[in-house]
Each structure stands twice: as structure tokens, then as C-alpha cells.
Amino acid sequence: MVSIGNIVLTESPLLLAPMEDVSDPPFRAVCKAFGADLTYTEFISSESLVKGAIRSRRKLDIFANERPVGIQLYGGDEDSLALASAIVEATNPSLLDINFGCPVKGVVGRGAGAGVLRDPDRMVRLTEACVRSTRLPVTVKTRLGWDEGSKNILDVAERLQDAGIQALTIHGRTRCQLYKGEADWDLIGKVKNNPRMRIPIFGNGDIDSPQKALEYTNRYGVDGIMIGRAAIGYPFIFREIKHYRLTGEMPPAPTVEERVAVCRMHLEGALSWNGPAQGLNEMRGRYAHYLKGLPGIQEYVRRLVRLPDADSVAALLSKIEASYCGYVTEAHPIKLVDYHANCAL
Ligand SMILES: Cc1cc2nc3c(=O)[nH]c(=O)nc-3n(C[C@H](O)[C@H](O)[C@H](O)COP(=O)(O)O)c2cc1C
């Protein structure tokens, strides 16, 4: 069994990645229902949280049906991170995660996210500020290093462990790669196999099939894997990985009925968390993900996003279900998209 502090997970747990504008409570609950063993909130700015910004406070909402769940903070200021850690503790998540991996210019420029990979001393100070300020297990998610010439994760991992973190997730890219190229898991494996490391090491980057999940877990020896983009619109990935691991066989692809049912489940969660108007609004970007791959679905999606209330959405979902009844998706449903293609370096 893999444990983070006092949280006992499964053997080789599957983690849902923190994703801004994606990993909200309804989505986390859906992924949990399909087998995610640990989920994370979207990242939350420690400075905004301390100032009481409503948007940041709302990201602290967590519910029983998604536990265990970690709240992720980012920030470049020790005092704000310390205060924010105490605020996070008061909301009683399972753990607190620090984001040292976000490559976005606005975050990096403020000395947060992957920006700290250029200054491991600062990274350690920021980590210690969190560890000191909460009794929650503190974990870190980061990248291999700043750029190709400065992949310092081996050293960084040891120093973060010494600073008191209780698990480390590594996305196998550098900051300067953003999402380009392929994730390099060799170095993740080296961190895991460093005899000095005692805490769980989770690998992350480009897992998009049960076969790859199993192959990478075995080849690199990581304690578990974290999945981001592949789960967007396809929470079945968690169930599929577990089935494949157990039986060596791929389960049948989800039926259209199942895909619509998941979309409904997400809709219900969004409505109950946000209220009817905002819930519907939040769902507008999600339909296409749940229904992708169905021929001619674009026209239905265009109609779904314009509907004024939940009842008409539910009715149109039923119509979609009936129209595509029995349709078997042949193409591989998961295509990893570079959501940061236009991100400035
Ligand atoms: C839309 C989007 C938002 C993201 N937001 C966050 C975030 O808030 N915190 C974080 O640590 N990583 C964030 N990431 C990075 C993911 O957690 C993950 O490390 C990355 O997508 C690589 O994993 P994957 O190949 O399984 O998607 C985000 C990624 C995407 C695609």
C-alpha cells in the first residue's frame, strides 16, 4: 500500500491531476467514481487566498464523495504561503500540495510555479513555510528542471524530502518545454530509484492508455501515476487501467449510454455546486469532451451550449443517447491536446 502521511491509498494509486478550469468538485467526483484514488483541486494563488478573493475561496470547496483530495497552492511569497496553508488546513482536505510546476509566464514571473526550479534554495524556503504552518501532509508537484541544460530534479527531490514533504509528483518535462515534446520518464525513474528517497514518487506526463500506464509503472518503478488530459471527458481511463492491470485485457469501450450518463452526472454535480445558471454555464465547455468521437456530434454540441436550462439539456442528452444508441466508437477516444500551445515563454 502507498501512504502519504496518514492517508493510506491503494497499491499503485491513480491520481487525478490538478487542472485549472477542469479539476473542480463535479469533475473530481466523476473521476473518483471511475477509480481515481486521489484527486487535487485546481491550483490556488496563496496571495489571492489570503486577500480573500472569492474565486480562490471557492476553489477550497471539497465534498465527501471525492475524498481523499488534496488542495493545491502556488505562490512566491513565504508569508502568504504560510498563511494560506493555515487557511487550507481549516477546510480539512486530505493533504496540501504545492505547485512548483506551472510554466505560465505570469506565475513564473512572480517567483512561483516552475519559476522556483531556477532557485532551489527559495523552493526549499517556500516548502518549509508550508510544512511549518500546517499539520496536513504536504506534497509537491514539479517538473524535471527549468530547461534542457538544468534538469535538477534529482537534487531538488532530496532537498524537498529533507524539507518535510511526504510525496512528490514529477511531470516529465522542463519548464521551457511547456507541453512540447514527449514527457521524459527516465529521470522520474532515477528519482524513484535513488536509495536516499523514502517518500512516494508519482510519475506524470502523457499517460493516455492502460497499456502505457502499466508499462511505465513497471518500467520506472514509480509508486503511482497521475493522469491529467486523458481524463478530460474520459474518466473511464481510471477504470480501464485498473481492469487492464487486473486481467491483462482491455475492457470494452464505454457505450454511448455510459458516456451520456457520465455527462449527466457531471451536469448534476455542476448544478448542485454552482446553482442553475452558473452550473449550466460551467458545463458549456464540457459537453464536447464527453461526446467527442461521435460522428456529426458537433451540431448537437452547438445546440447543447445554447440551451437556457437544465431540463432542455437533459432532454437533448436523451435525444443524443437515442440517436447514437448502439454506436461503437472505433477510434481511440483519447487525444492529448496541448492546451498551452499559445502560452508565452
Ligand atoms: C488545462 C490544464 C490545466 C492545468 N492546471 C494545472 C494546475 O492548476 N496545477 C498543476 O499542478 N498542473 C496543472 N496542469 C498540468 C497537469 O496537472 C499535468 O501535469 C499535465 O497536464 C501533464 O499530465 P498529462 O500528460 O497527463 O496531461 C494543467 C494542465 C492542463 C492541461
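The values are calculated or read from the model by the stated rules, or taken from the named source; none is laboratory data. Computed from a predicted model, the values in this text were never measured in an experiment. Please note: Cβ atoms are built from the backbone with ideal geometry, for glycine as well, and neighbour counts cover all protein chains shown.
So that you can scan it fast, the table gives a plain yes or no per residue for (1) of a type in the set (V, I, T); (2) farther than 19 Å from I4 by Cα; (3) loosely packed, with under 14 Cβ neighbours inside 10 Å; (4) without any contact (Cβ under 8 Å) to a residue 12 or more places away in the chain:
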position	(1), (2), (3), (4)
L178	no, yes, no, no
G181	no, yes, yes, yes
W185	no, yes, no, no
K192	no, no, no, no
M197	no, no, no, no
P200	no, no, no, no
Q211	no, yes, yes, no
L214	no, yes, no, no
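Number of residues in the stretch 185-232 that are part of a loop (DSSP other than H, G, I, E, B) and within 12 Å of the ligand (Cβ to nearest atom): the value is 8.
When restricted to residues that are within 16 Å of the ligand (Cβ to nearest atom) and either modelled with pLDDT under 95 or assigned to a loop (DSSP other than H, G, I, E, B) (or both), the stretch 147-184 contains 15. The residue that is nearest to the ligand (Cβ to nearest atom), counting only those in the stretch 286-345 that are touching a residue at least 60 places away in the same chain (Cβ under 8 Å) and more than 22 Å from P254 (Cβ to Cβ), is Y339. Of the helices (runs of 4 or more DSSP H) entirely within the stretch 249-345, none holds at least 2 residues that are in contact with a strand residue (DSSP E or B) (Cβ under 8 Å, 6 or more places away or on another chain) and in the same structural domain as E215 (by TED's automatic domain parsing). Applying the condition of being touching a residue at least 60 places away in the same chain (Cβ under 8 Å), within 12 Å of the ligand (Cβ to nearest atom) and not in a loop (DSSP other than H, G, I, E, B) to the stretch 1-39 and asking which residue is farthest from A84 (Cα to Cα) yields L14. Taking the stretch 250-273 as the range and being modelled with pLDDT of 95 or more, surrounded by fewer than 22 Cβ atoms within 10 Å (Cβ to Cβ) and over 20 Å from Y324 (Cβ atoms) as the test, the residues that pass are E268, L271, S272, W273. When we screen D97, D21 for residues that are surrounded by 20 or more Cβ atoms within 10 Å (Cβ to Cβ) and either acidic (D, E) or not assigned by TED's automatic domain parsing to the domain that holds R143 (or both), the only hit is D97. Taking the numbered list (1) out of contact with any Gly (no Cβ under 7 Å at 6 or more places or on another chain); (2) free of Cβ contacts under 8 Å to residues at least 40 places away in the same chain; (3) surrounded by fewer than 24 Cβ atoms within 10 Å (Cβ to Cβ) in turn, V131 passes all entries but (1).
The rows are residues; the columns are (1) modelled with pLDDT of 95 or more; (2) assigned by TED's automatic domain parsing to the domain that holds R264; (3) crowded, with 21+ Cβ neighbours inside 10 Å.
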position	(1), (2), (3)
V8	yes, no, no
D37	yes, no, no
V50	yes, no, no
A64	no, no, no
Q72	yes, no, yes
A84	yes, no, yes
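Of the listed requirements (1) buried (at least 19 other Cβ atoms within 10 Å of the Cβ); (2) at pLDDT below 95; (3) not charged (D, E, K, R), G228 misses just one: (2).
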